[in-house]
Amino acid sequence: MSFIEVVLIALGMAMDAFAVSLGIGTTPFASGLRPLFRLSFHFGLFQALMPVLGWLVGLTISQYIAAFDHWLAMGLLTFVGIRMIRSGLNPGSMGHEADPSRGASLIMLSTAVSIDAFAIGLSLAMLGLDIVYPAIVIGVVTSSLSLIGLLAGRRLGERFGSRVEVLVGVTLIAIGLRVVITHLASGPML
């Protein structure tokens, strides 16, 4: 697999993380270097580890995971999206009860944006290709785009306020629906 192919795959995989980062960047939790590092690092780490996990799993249990991975991604993204919409519509409330750069919220978001990377790992295993190099590139690209999304989200949040949170919440739900629709359209109905 050429460098260009790996980078294109990495860019495709990083788009969900970028969208989520954009939304988080509009919240007060994305101020400071530590939250920016934690979010971009974990998004990149999960995006790098998921293809490795998918590659290791290979064909042995893929049929069992394929039955629900898309629903899991949609559920997680919809949950976060609804919370962001609620917060954007009612900016005086504490719509963000949990800091998305810590604990369970961070793990949930990192998992949600990296589910597709698991399928990439499965595909590479079926093609008999190495996983280390693509996983590293995917992780670095995702971390970089996540940081850019967080910084851009902060600027958008300062300029447009809570309206951006509503828009990003709707976008997260749309990403979750896209994951399910793409899965159902490309394979047998499960």
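So here's what we get for this one:
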{"read-out": "Translational D in µm²/s for segment 3-186 (Stokes-Einstein at 25 °C, 0.890 mPa s, Kirkwood Rh from C-alpha pairs)", "value": "150"}
{"read-out": "Estimated distance in nm for a label pair at LEU184 and ARG163, the labels positioned 7 Å out from Cα along Cα-to-Cβ", "value": "3.3"}
{"read-out": "Sorted peptide list for 135-142, 6-13, criterion being average Cβ within 10 angstrom, highest first", "value": "135-142, 6-13"}
{"read-out": "Extended-chain gain in nm, criterion 0.36 nm per residue less alpha-carbon gap, ILE136 and MET15", "value": "41.9 nm"}
{"read-out": "Spacing of the two label points (7 Å from each Cα toward its C-beta) at PHE68 and SER31, in nm", "value": "4.0"}
{"read-out": "Contour minus Cα-Cα distance for ARG86 and ALA152 (0.36 nm per residue)", "value": "21.6 nm"}
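Every number in this text was worked out from the coordinates using simple rules, so none of it is lab data. Every value quoted in this text rests on a predicted model; they were computed, and no experiment measured them. With ideal geometry, Cβ positions are generated from the backbone for all residues, glycine too; neighbour counts draw on all protein chains shown.
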